[in-house]
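Participant: Mind having a look at this structure? Questions to follow.
The values are calculated or read from the model by the stated rules, or taken from the named source; none is laboratory data. This structure is a prediction, so every number in the text was calculated from the model and none was measured. Because the Cβ atoms are built from the backbone with ideal geometry, glycine has one as well, and the counts that use them run over all protein chains shown. We work out accessible area using only protein heavy atoms, side chains counted, and drop any ligands, DNA or RNA first. Shrake-Rupley method; radii C 1.70, N 1.55, O 1.52, S 1.80 Å.
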Amino acid sequence: QQQVKQSPQSLIVQKGGISIINCAYENTAFDYFPWYQQFPGKGPALLIAIRPDVSEKKEGRFTISFNKSAKQFSLHIMDSQPGDSATYFCAASMMKTSYDKVIFGPGTSLSVIP
Amino acid sequence: NAGVTQTPKFQVLKTGQSMTLQCAQDMNHEYMSWYRQDPGMGLRLIHYSVGAGITDQGEVPNGYNVSRSTTEDFPLRLLSAAPSQTSVYFCASSYGQGRGGYTFGSGTRLTVV
């Protein structure tokens, strides 16, 4: 119930192509879905986030698509660049009494090749 | 503005040794937390704090202790290191209850032999 599933585990995309990472959750109490980007040797950094009352959110080349009925959401990276090569984590969170409980997916390693 | 600073960056311990991982933030964030990152398992919450003097357990707290005497600092103590604690540890902080996203440190890579 608390898991967030993420696929694929790794992804290789040609420069200029579209990268797609998919995530799924079970617990309908989750109400906020952030994506984090992590470069080697660095900590994760918030990339983009969406709430379940919105079906799509776009920021530059990054788009989150959200399907509330299927309990699935995905990250699309348009015109993928070598600089996008990183590990991407989806997450799902719910507000608890005093903090925001966040469950992270296992991560997707993206390599964008020239 | 340094953000979240973790020390050390790398550490090798022998089984049974104890040590403290340091975490400091200069953003006046109320919420701080410790995660461990293991291959294929994402980030798992160890302990968190919603303010000075207040701490609580996350999903994998066994073998770790924390305290929060100031807003800025949130050290993580390994009481008696075990090989299963070999991991990369991240400290994170956020304003309020975290809804705006976390700021992570650059991590501590710990190996227990």
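Participant: Calculate the dipole size of the stretch B:1-96 relative to its Cα centre from +1 charges on Lys and Arg beta carbons and -1 charges on Asp and Glu beta carbons; express the result in debye to the nearest 20.
Facilitator: In debye, rounded to 20, the stretch B:1-96 gives about 340.
Participant: For peptide A:33-40, how many partner chain Cβ atoms fall within 10 Å of a residue's Cβ, on average? Write out the running numbers ahead of the final one.
Facilitator: Numbers: counts 0, 5, 0, 5, 0, 5, 0, 0.
Per residue, the average neighbour count from other chains is 2.
Participant: Treat every Asp and Glu Cβ in chain A as -1 and every Lys and Arg Cβ as +1, leave all other atoms uncharged, and give the resulting dipole magnitude about the Cα centre to the nearest 20 debye.
Facilitator: 80 debye
Participant: List the pairs from A:Lys96/B:Lys14; A:Lys68/A:Lys96; A:Lys5/A:Lys57; A:Lys42/B:Lys14; A:Lys71/B:Lys9 whose alpha-carbon separation is above 27 Å, in the order I gave them.
Facilitator: The pairs that break the limit, which is 27 Å between Cα atoms, are A:Lys96/B:Lys14; A:Lys71/B:Lys9.
Participant: Now a separate question. Could you work out the relative contact order of the stretch B:51-113, using alpha carbon pairs under 8 angstrom and six or more residues apart, expressed as a whole percent?
Facilitator: That works out to 26 percent.
Participant: I would also like to ask the following. For chain A, set up a GNM with springs between Cα atoms under 10 Å and report which of A:Ala91, A:Ala45, A:Ala24 has the largest fluctuation.
Facilitator: Checking each option, the largest mean-square fluctuation is seen for A:Ala45.
Participant: Then there is this: Inside 10 Å of the C-beta atoms of A:102-111, what's the mean count of C-beta atoms belonging to other chains?
Facilitator: 4
Participant: Placing unit charges on C-beta atoms (Lys and Arg positive, Asp and Glu negative, everything else neutral), compute the dipole magnitude of the stretch A:1-67 about its Cα centre in debye, rounded to 20.
Facilitator: Around 320 debye, computed over the stretch A:1-67.
Participant: Defining a contact as two alpha carbons under 8 Å apart and six or more residues distant in sequence, what relative contact order in percent does chain A show?
Facilitator: 36 percent
Participant: Given the protein chains as shown and a 1.4 Å probe, how many square angstrom of A:Glu56 are accessible, to the nearest 10?
Facilitator: 110 Å²
Participant: Something else: For chain A, go through all pairs of different Cα atoms, get the mean of 1/r, take its inverse, and jot down that Kirkwood value in Å. Could you put the intermediate results ahead of the total?
Facilitator: Values: mean 1/r = 0.0704 Å⁻¹.
That comes to 14.2 Å for chain A.
Participant: Another one. Which three extents, in angstrom, do the Cα atoms of chain B have along their principal axes, listed largest first?
Facilitator: 37, 28, 26
Participant: Quick one, can you get me the convex hull of the C-alpha atoms of the stretch B:20-85 expressed as volume per residue in Å³?
Facilitator: Details: hull volume 5.7 nm³, N = 66.
In the stretch B:20-85, the Cα convex hull volume per residue is 86 Å³.
Participant: Let me have the relative contact order for chain B, percent, based on Cα pairs under 8 Å that are six or more residues apart. Please list the in-between numbers first.
Facilitator: Details: 301 pairs, mean separation 40.5, N = 113.
Here the relative contact order equals 36 percent.
Participant: Continuing with this model, one more query. I want the antiparallel fraction of DSSP beta bridges within chain B, as a percent rounded to 5.
Facilitator: 90 percent
Participant: May I have the convex hull volume per residue, in Å³, for the Cα set of the protein assembly as shown?
Facilitator: 121 Å³
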